[in-house]
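Comments concern the structure below.
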Amino acid sequence: MLLNGYIYVSIGYKKTCIAMKKYFFIIVLTAFTQAFLFGQSESDTRRWHFGAMVGPQFMTFSPKQENFKGITGIMAGLDVGYRLQNSPKGWSAHLQPYFVGFRNTQEQGEQNTNYYIKLESKTRSISLPLLVRYTILGGKIRPFAELGTSWSINSSSTFKSSGRICIDGSGCSPVTGEEKINFTDDDRLGALVGAGVQVDIGKITIPIGVRVVQNIKKRETYTDPSTGENRTISRARGIQLTAGISF
C-alpha cells in the first residue's frame, strides 16, 4: 500500500518508535519552557536557515480498508528554508528531503499447528517536499500553517514469508519466499498540509508540527473477480508528528 512512494508497515520498529516519541515530547517540553523564560521578542531576521527534523508517522487509507487500523513508522529529514521578507512573520519557502522507514510482521494461524504463515515486510522511502509556510506572529513563539507537494524519489519494499501448510492426507508443505519491489511513478506525487509552532531558544529555533500527506491520483474503481463487486482503490494518507531544530 503506497503513499507518495511509502508502504506503511510497523511492528518491527515498535521499540524505536516509542523512543522517538519520548525524544519528541522532551523536545516539545524543553522548547516551551525555554521560550517562556526568554519571553516574547523579535527573532533574528536571517533569511536563510537550515535544520533537521524527526518524528513518528502514522499511516491510514481513504477510503478505509477492511481490517486495517493504521501503522506507525519513523521519519527523519532536513530543512532548507528561505524567508521572503526581512521578518520572521510572513511567508517562507522550504525544501525538506526526508527518509521514512517501516517494518511489519503479520501472522496467520498458530505456530506448531497445521497452518501457520508469518509475513514480514520492510520499506524504505526517500521523499522531497517543496512547500510554502506562513508564520502568523513575529515573537519568540510563532504559529504557522503550510501547504505544498511531495515527490518520492526512491521507494522500495522487501517481503518475506515463512511457515507451513499441512493438508490432511497430503503431508506438510513449507512456506518460504522473499521478494523486493521497486515502485514506479504511479503514486510518486503527493500533497501536504500542516500546522505547528516555531519556538526560539537563544539563536536556534525549535519547529514543532503536525502534517498530513496524501498521494495524488485519480479515484479509480475495479471489479473484484472473486465477488463481482465494484471497489475503490484507496489513497494512502500519512500523518507526521515532528520536532526539529534550525539555525
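How about the stretch 127-144: which of its residues are among the charged types (D, E, K, R) and open to solvent by 20 Å² or more (accessible area, probe 1.4 Å)? Steps first, answer last, please.
Residues of the stretch 127-144 that are among the charged types (D, E, K, R), as a first pass: 133, 140, 142.
Lys140, the sole residue that qualifies.
Within the stretch 158-172, can you find the residues that are among the charged types (D, E, K, R) and part of a strand (DSSP E or B)?
Lys160, Arg164
Of the numbered conditions (1) open to solvent by less than 70 Å² (accessible area, probe 1.4 Å); (2) in contact with a strand residue (DSSP E or B) (Cβ under 7 Å, 6 or more places away or on another chain), Glu178 satisfies every one except a single condition; which is it?
That leaves (1) as the condition not met.
In this structure, does Tyr82 turn out to be in a strand (DSSP E or B) and touching a residue at least 40 places away in the same chain (Cβ under 8 Å)?
Working: in a strand (DSSP E or B): yes; touching a residue at least 40 places away in the same chain (Cβ under 8 Å): no.
No; evaluated as a whole, the condition is false for this residue.
Taking Leu147 as meeting all but one of (1) closer than 21 Å to Gly244 by Cα; (2) in contact with a strand residue (DSSP E or B) (Cβ under 6 Å, 6 or more places away or on another chain); (3) open to solvent by less than 70 Å² (accessible area, probe 1.4 Å), write down the number of the exception.
(3)
Is there any pair linking a residue in the stretch 124-143 that is under 16 Å from Ile201 (Cβ atoms) and among the basic types (Lys, Arg) to one that is at pLDDT 90 or above and open to solvent by 10 Å² or more (accessible area, probe 1.4 Å), with Cβ under 9 Å and at least six apart or on different chains, and which?
Pairs that qualify, where the first residue is under 16 Å from Ile201 (Cβ atoms) and among the basic types (Lys, Arg) and the partner is at pLDDT 90 or above and open to solvent by 10 Å² or more (accessible area, probe 1.4 Å), are Lys140/Gln198; Lys140/Ile201; Arg142/Lys89; Arg142/Ile136; Arg142/Val197; Arg142/Gln198; Arg142/Thr205.
Of the residues in the stretch 94-117, how many are open to solvent by 40 Å² or more (accessible area, probe 1.4 Å) and either at pLDDT 95 or above or under 30 Å from Phe144 (Cα atoms) (or both)?
At the first step, the residues of the stretch 94-117 found to be open to solvent by 40 Å² or more (accessible area, probe 1.4 Å) are 95, 97, 99, 103, 105-115.
Of the ones still in play, those that are also either at pLDDT 95 or above or under 30 Å from Phe144 (Cα atoms) (or both) are 95, 97, 99.
Summing the residues that are open to solvent by 40 Å² or more (accessible area, probe 1.4 Å) and either at pLDDT 95 or above or under 30 Å from Phe144 (Cα atoms) (or both) in the stretch 94-117 gives 3.
The values are calculated or read from the model by the stated rules, or taken from the named source; none is laboratory data. All values derive from a computational prediction rather than experimental measurement. So basically every Cβ, Gly included, is an ideal-geometry build from the backbone, and we count neighbours across all protein chains shown. Remember, those area values only see protein heavy atoms, side chains included, never the ligands or the DNA or RNA. Shrake-Rupley method; radii C 1.70, N 1.55, O 1.52, S 1.80 Å.
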